[in-house]
Each structure stands twice: as C-alpha cells, then as structure tokens.
Amino acid sequence: RNMEKAVLMMATLKELAAYTNLSIATISRILNNDPTMVASEDTRRRVLEAAGALGYKKHNKGKVSAVLRFGVAEMLTPAEQLEDPFYLYLKNFVAQECMEQKIDLIPLLRDGESFTCPYPLPLNGIIAIGIFTRAQIEALHQLSDTLVFVDSSPDEARSDSVVINYRLGIEHALDHLFSLGHRQIGFVGPADKLDDWKQPAPEVRRQLFIHFMSARNDYDSSFLIDVSTNAALTERAVTEHLRQGKPLPTAFLTANEENAIGTVRALKAAGLSIPQDVSIISFNDTPLSELMEPPLTSISTRVQEMSSIAVHLLTERSSSTGYLRDIPVKLIVPPTLVVRASTAAPPVGSASDDMIEMQDDG
C-alpha cells in the first residue's frame, strides 16, 4: 500500500491559495489577523472556511503536520433522517468521535449512484452509514480504497463493517416479555426491507421474532401488523387493526422507535393504557425512547459505541504510526435491554394471565 495514500498533509498556504483564488500573502495576513490588512468580510469568510475544510493549521517550525481526513457517506437525506433518527444519531456520534480524535470529517455529496468530495484534497478513508447499491459502493471506492460500513456489511472481502447482533436483541426482548408472563406477543414493523446491497429481502427482526415465537409454540400470525418504519403510517395501521376487531396481544415488539411511537399513539387514541393494557418494547433506543410517555423499554443498539468503533477501525487502516492493519474485519455489536415503564405483567384476566395460572396450578 502506498503510504502517501495512508497519510495526508495539512493544507499548505499554496493549496489554500489555489482553492480560494487568492494570493498566498493575502491568505497569510488574514490567518495571522494582520491589523493592516484590508479585506472584505466575504474574503475573510472564504479564507477561514477553506482553512477549516482543508485542515490548515500553523506549525511552529513552518512545517505542516499529518492529519487524517475521512469522508462520510450517508444512506438517508437530512429530511429522511428526521423520519428515522437512528441514522442521524450514528452520523452525529461519528462526527463527535472524529472531533475528539482531531480527525477531519468531510460530508460527501451524493448524486444518484455517485459520490463526490466537495474539497480537492484526497481522503484517508470513508465511513459509509447505512446501506448502498453496488454501484454506489464502487463510486465510494473511487474516492478511497479504505471503507468502513456502519449498520451493513456488503463488502467483507475489501471493507470493514460494524453491525448489530439482531438475533441477540430479539432474544433479549422476548425473554423479558416472557419473564413478565406474556405469551400473546405481536410484532409491528415491515415484512420486507432492503438488504446490505439495497435489494428487497425479508425483514430480519420480523423473521427472528417469528422464529423464536414458533420455537416456543406461541406464534400467532394474527398478531403481526405489517407496516413501514414510519410513525404516522404505523398509527394508521394499528388503528385499522383495532377497528377491524382483530385480536390484540398483551404486548408488542416493534421494529424501531417510529413503529413504537405510532403504536403508542394508536393504542392511547383507542382508550388503552400502556403498559396496563398492552406492553411495548422498541428497538434502537435513541433518546426518543426515554422522552416518550411512558418511557419505552427498548433494545439498545449502542449507537455511540458503533460510531466510535467505526472511526477506530478506519484509523487502524489509515494510521502512519504504529500498527497498520491490512485485512478487513467485521465487528458484531451485542445489543442490550433497557427496561423502562412501557412493559409490565399482562392484565389480569388475559389469556396470557390464564396460561400462567394454569402453569402454576400444574
């Protein structure tokens, strides 16, 4: 591997001049706050923004120091992230970790299947958050040989990845509900979702839910509510389920927080209480879970840890000092159960409660 690709130098005054179309003398005087320098506010802003974006820093001996510069590619647009904040939190924690490690993080611009870097200096690596098409992955490789994927693992022969152990998360959720006495448990979320290559595939959490409930002989397909991970659509789907008089379980496990929020709204609108009538367990556990009323019991996907690990993995394959790892790795992060007020024992007189009494009598 060419070590010149592994380490980038801070931008020099010459590079800043080429980028801003200003003279080296002008840039130097602005950066050094020369009181005799007469420059417009727009010119000063251009110089300061370029210096920040390109990583310019003064050095005592007139030399430039090494810095890592990572690009970040995102699956969702800013508007889409507001509908599914999980990816927004991933990006924010990546940015926080890079700031703490003094790593420059450059958001990449997406145009259909291609990506571009808005600044002229090359990248040490790219953090790709979410799922991407094969064409998009190849476009990212045009910008850097070194990638780490967060919440997907589409390119294990070439790239690092950080993913969640969904199987363990579903086990945690169901074990908790069964320990409280629930046997009639439903699932709210999509039947299908895009896989690691952005191709339609069965939704993993739903499939695992069906598998574990079937293994306990407690699976009931009438307790499934198939809906996309959107709060408004979920509220309508759960409301329609109730309006049609379909059976209501004593507990719901939801694919993510948006499904949980919509479920809570629909149940409350129908005059039901949580968890007195129906318990709810969410998935992801961003700060929204704790802000809900009641606060949601949730499977934490350890968003901050996933982001920190991703930055660490990329640094290992980009560093100019010490250990430089050549082979890609895949890290599977174990989720944890965070118990809050949205889960409790099933209501007295429910079928789940009757089953518990029968087991106690036996």
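Please say if the stretch 74-170 is rounded, prolate or oblate, where rounded means a/c under 1.5 for a ≥ b ≥ c the square roots of the C-alpha gyration tensor eigenvalues, and otherwise the choice is prolate for a/b larger than b/c and oblate otherwise? Note, shape of the stretch 74-170 comes out rounded. Bridges between two residues of the stretch 53-197, per DSSP, are antiparallel at a rate of about 15%. Against the compact-protein benchmark of 2.2 N^0.38 Å, the Cα-based radius of gyration of the stretch 166-260 scales to 1.05. Solvent-accessible surface of the chain, averaged per residue with a 1.4 angstrom probe and all protein chains in place: 47 square angstrom. Only helices enter this figure: runs of n ≥ 4 DSSP H residues, each worth -39500 (n - 2.57), summed and divided by the residues of the chain, yield -12500 deg cm²/dmol at 222 nm to the nearest 500.
Taking each of K193/K268; K91/K193; K14/K91 in turn, the alpha-carbon distance tops 23 angstrom for K193/K268; K14/K91.
Ordering C117, C98 by accessible surface, largest first, gives C117, C98; the 1.4 Å probe counts only protein heavy atoms, with every chain in place. Counting only protein heavy atoms and a probe of 1.4 Å, the accessible surface of the chain is 53% carbon and sulfur. Ranking V227, V38 by solvent-accessible area of protein heavy atoms (1.4 Å probe, all protein chains present), from largest to smallest, gives V38, V227. Measuring with a 1.4 angstrom probe and ignoring ligands and nucleic acids, D175 comes out at about 80 Å² accessible.
For q values of 0.10, 0.11, 0.13 Å⁻¹, compute log₁₀ I(q)/I(0) with the Debye formula on a Cα-only model of the chain, without solvent. Normalising to I(0) and taking log10 leaves -0.71, -0.81, -0.99. For the chain, the antiparallel share of DSSP beta bridges with both residues in that region comes to about 25%. For the stretch 155-213, the square roots of the Cα gyration tensor eigenvalues, ordered a ≥ b ≥ c, give a/c of at least 1.5 with a/b no greater than b/c, which places it in the oblate category.
Charging the Cβ of each Asp and Glu at -1 and of each Lys and Arg at +1, and nothing else, the dipole of the chain about its Cα centre rounds to 1720 debye. Selection among G130, P120, Q142 by position relative to the dipole of the stretch 114-203 gives G130 as farthest towards the positive end (Cβ unit charges, Cα centre). Measuring only protein heavy atoms, the 1.4 Å probe finds E74 accessible over about 40 Å². Positive contributions from Lys and Arg (+1) and negative ones from Asp and Glu (-1), summed over other residues with Cβ under 11 Å from the Cβ of V303, come out at -1.
The values are calculated or read from the model by the stated rules, or taken from the named source; none is laboratory data. Quick caveat, the model's predicted, so the values are computed rather than measured. In this analysis, Cβ positions are derived from the backbone assuming ideal geometry, glycine residues included, and neighbour counts consider all displayed protein chains. Just the protein is used for accessible areas: all its heavy atoms, side chains included, with ligands, DNA and RNA removed. Shrake-Rupley method; radii C 1.70, N 1.55, O 1.52, S 1.80 Å.
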